[in-house]
């Protein structure tokens, strides 16, 4: 069962309390590196998704800094104008917003994929395959691929041939990109994205609208699970 809002709030509180405790006990001071993400999540009994969300808010407030390939560092102690309650509220709002984005995407993107399966041209399908291959290579090489993810979905919308669909998706692209933010990117998320795109391409190539819609639905559900470390629903 997915965690309830109260369970998630407890998880965020545990993370903040642990950092405060480490500072108070002299285990952590500005300039020090925090324990590795996996180790900290396990010691607190929280998901890595919850930990990443808490870290993102703390980074936004200048309390910690994540350095690619070098871990996460404490820049300043908690307190002052950045109370634990304010952080908890911000995390809750952010988490809810990302869930809302994915819920919105689930409402429209399976229909886009189904329509594209009926209308996409061989040339447009070829471009989608190139983007998916580039994305797969980026994941294997450990490079950022969020722009390729966005390009795949843009090209898929273009494959419908519907000008309203294309304009609407272009207009709201900046909002949708919030579900591709760097702080949400994990190895599991990146691999899930590539695998989902390849399944969608298979359905498009077969001209199977129903399978394309189902593949997109499953793709978005898997991405949500990868972001929030939630188990598959029965």
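Inside region 1-46, residues that are surrounded by fewer than 17 Cβ atoms within 10 Å (Cβ to Cβ), at pLDDT 75 or above and under 19 Å from residue 225 (Cα atoms) make up a count of 4. Restricting region 103-126 to residues that are surrounded by fewer than 18 Cβ atoms within 10 Å (Cβ to Cβ) and within 11 Å of residue 217 (Cα to Cα) leaves a set whose member that is farthest from the chain's Cα centre (by Cα) is 111.
In region 171-210, how many are modelled with pLDDT of 80 or more and over 15 Å from residue 101 (Cα atoms)?
As a first pass, look at region 171-210 and keep what is modelled with pLDDT of 80 or more: 171-176, 190-210.
Then keep just the ones that are over 15 Å from residue 101 (Cα atoms); that gives 190-210.
Selection size over region 171-210: 21.
Residue-level check: of (1) assigned to a helix (DSSP H, G or I); (2) under 16 Å from the mean Cα position of the chain (by Cα), residue 144 misses just (1).
Being modelled with pLDDT of 90 or more and over 26 Å from residue 98 (Cβ atoms), is that true of even one residue in region 211-223?
At the first step, the residues of region 211-223 found to be modelled with pLDDT of 90 or more are 211-221.
This time we only want the ones that are over 26 Å from residue 98 (Cβ atoms), so: 211.
So far as region 211-223 goes, yes, one or more of its residues are modelled with pLDDT of 90 or more and over 26 Å from residue 98 (Cβ atoms).
Pairs meeting the criteria (first residue in region 134-150 and assigned by TED's automatic domain parsing to the domain that holds residue 69, second residue in a helix (DSSP H, G or I), beta carbons under 8 Å, at least 6 apart or on different chains) are lacking.
The values are calculated or read from the model by the stated rules, or taken from the named source; none is laboratory data. Computed from a predicted structure; not experimentally measured. Virtual Cβ from ideal backbone geometry, glycine too; neighbours counted across all protein chains shown.
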